[in-house]
Amino acid sequence: MIIWMYWLVAAPITANQRNQILFWIISIILLLFTLIGGIGWLFERYIARLERQVDADTWKLIDTRIVTSPQQFKRIALKKSHRHALKDFFWPYLLFALVTVIFLGYQQWIDPTLTFADLFDYTGRGFNTLFPIVDWDNIPMNEFFGFTIWSDFPPLLNSPRFVPAAMISYVLFFITVIGILLLIRAVLALYARTTRIYRDANTFFTKSLKDVAKNL
Amino acid sequence: MKELAGFIKRTFIGVAYVLGSPIIAMVFILFWLYGTLVFLFSSIQSIYLFFSGQGVFSPFEEDLKAATRYDFMQRNHPSSHRQTTPSEGETQS
């Protein structure tokens with residue numbers, strides 16, 4: 001970044017061109033931050049939706065006044081949250097266990113030469129054969145105003161292709177990705193429930209002074 | 001104008017997310033560990049409950065009380081049960 005800023009100042013270009021380049025760089029950076037903010041907003045919405053589980057679990061307890069204090073509420077709501085966590089975390093960990101069992105079983109009974117590293121190998125039968133792999137170590141560099149900077153795209157080591165022999169890697173990769181997504185959901189749900197319980201426990205048992213004043 | 005304000009606000013929130021990403025990652029990892037511990041302890045507890053003949057996901061005592069009281073309230077005053085909440089112990093109709 002600093003190199004590019006230096007280049008902007010030192011390069012033999014007109015002030016107008018420099019301003020244009022600066023405008024585009026700043027625009028791209030701002031758009032990138034907005035995109036990150038937008039993704040964050042989606043997560044916020046999703047967490048707010050997951051928070052509602054606490055309401056669904058405990059509204060009857062408060063409505064019937066079985067629970068009458070924040071301490072009682074926290075105790076019972078956390079117990080329920082932990083029960084949900086047991087269900088939520090069960091599936092991803094089951095999938096990870098399944099991946100391990102399939103891998104070990106395949107190695108034991110079908111192909112003893114398969115190693116763990118083979119599952120990632122883009123030249124052989126790893127799931128990386130499905131993705132473009134670039135050679136960052138050998139990226140072309142050039143001298144530019146005394147600085148050694150990238151001068152071209154890195155060479156492509158692997159073009160995405162389907163390798164029938166890598167089917168076991170694809171299956172294990174697919175199951176692992178689903179497991180990771182379920183795990184992320186489980187962690188977000190636990191976070192949402194726990195923060196809701198601790199943040200709002202007191203507000204359920206107190207009245208707003210504004211509401212009280214309205215009835216005076 | 002409102003859209004522009006929203007855009008600028010979202011951009012600043014994006015900057016905050018980038019700056020706070022190590023903390024977000026740390027909180028995520030802590031909740032993952034917390035969830036994993038809860039999962040392990042709850043699993044052990046569930047196995048104990050299962051083999052001792054109790055339901056693993058049976059309702060809590062408080063839920064049973066609440067359900068009984070809620071039924072009582074619904075039967076007696078379906079529209080305005082808040083004014084007629086029975087006192088403690090008055091859960092049976």
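The values are calculated or read from the model by the stated rules, or taken from the named source; none is laboratory data. All values derive from a computational prediction rather than experimental measurement. Neighbour counts are summed over all protein chains in view; Cβ atoms, including those assigned to glycine, are modelled from backbone coordinates with ideal geometry.
So, in the stretch B:47-74, how many residues would count as being of a type outside the set (Asp, Glu) and surrounded by 13 or more Cβ atoms within 10 Å (Cβ to Cβ)? Spell out the reasoning first.
Pass one, the stretch B:47-74, residues of a type outside the set (Asp, Glu): B:47-60, B:64-70, B:72-74.
Still in the list and also surrounded by 13 or more Cβ atoms within 10 Å (Cβ to Cβ): B:49, B:56, B:60, B:64-70, B:72-73.
Total satisfying the criteria: 12.
Within the stretch B:19-36, is even one residue within 15 Å of A:LYS87 (Cβ to Cβ) and either touching a residue at least 24 places away in the same chain (Cβ under 8 Å) or within 9 Å of another protein chain (Cβ to nearest Cβ) (or both)?
Yes: the stretch B:19-36 contains one or more residues that are within 15 Å of A:LYS87 (Cβ to Cβ) and either touching a residue at least 24 places away in the same chain (Cβ under 8 Å) or within 9 Å of another protein chain (Cβ to nearest Cβ) (or both).
Against the test of being in contact with a strand residue (DSSP E or B) (Cβ under 8 Å, 6 or more places away or on another chain) and without any contact (Cβ under 8 Å) to a residue 12 or more places away in the chain, the options A:SER208, A:SER151 yield a single qualifying residue, A:SER151.
B:ILE44 meets each of the listed conditions (1) surrounded by 11 or more Cβ atoms within 10 Å (Cβ to Cβ); (2) among the β-branched types (Val, Ile, Thr); (3) more than 21 Å from the chain's Cα centre (by Cα) apart from (1). Selection within the stretch A:138-187: residues that are among the aromatic types (Phe, Trp, Tyr) and part of a loop (DSSP other than H, G, I, E, B). The member of this set that is farthest from A:PRO92 (Cα to Cα) is A:PHE145.
Residue by residue, here is whether (1) within 7 Å of another protein chain (Cβ to nearest Cβ); (2) touching a helix residue (DSSP H, G or I) at 6+ places or on another chain (Cβ under 7 Å) holds:
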{"site": "A:ILE36", "(1), (2)": "yes, yes"}
{"site": "A:GLU44", "(1), (2)": "no, no"}
{"site": "A:VAL54", "(1), (2)": "no, yes"}
{"site": "A:ILE62", "(1), (2)": "no, yes"}
{"site": "A:ILE66", "(1), (2)": "yes, yes"}
{"site": "A:SER69", "(1), (2)": "no, yes"}
{"site": "A:ARG75", "(1), (2)": "no, no"}
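In the stretch A:11-28 there is no residue matching the filter, namely being within 14 Å of chain B (Cβ to nearest Cβ) and surrounded by 12 or more Cβ atoms within 10 Å (Cβ to Cβ).
Report yes if B:VAL27 is modelled with pLDDT of 85 or more, under 30 Å from A:ILE29 (Cα atoms), in contact with a helix residue (DSSP H, G or I) (Cβ under 8 Å, 6 or more places away or on another chain) and of a type outside the set (S, T, N, Q), otherwise no. Give the derivation first.
Working: modelled with pLDDT of 85 or more: yes; under 30 Å from A:ILE29 (Cα atoms): yes; in contact with a helix residue (DSSP H, G or I) (Cβ under 8 Å, 6 or more places away or on another chain): yes; of a type outside the set (S, T, N, Q): yes.
So B:VAL27 fits the description; yes.
Rundown of residues vs (1) over 24 Å from B:ILE24 (Cα atoms); (2) touching a residue at least 60 places away in the same chain (Cβ under 8 Å), yes/no style:
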site	(1), (2)
A:PHE144	yes, yes
A:LEU156	yes, no
A:PRO160	yes, no
A:PHE174	yes, no
A:ALA186	no, yes
A:THR194	no, yes
A:ALA201	no, yes
A:LYS214	yes, no
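The residues listed here are A:ILE66, A:ILE62; of these, the one that is under 17 Å from A:PHE205 (Cα atoms), among the hydrophobic types (A, V, I, L, M, F, W, C) and not in a helix (DSSP H, G or I) is A:ILE66.
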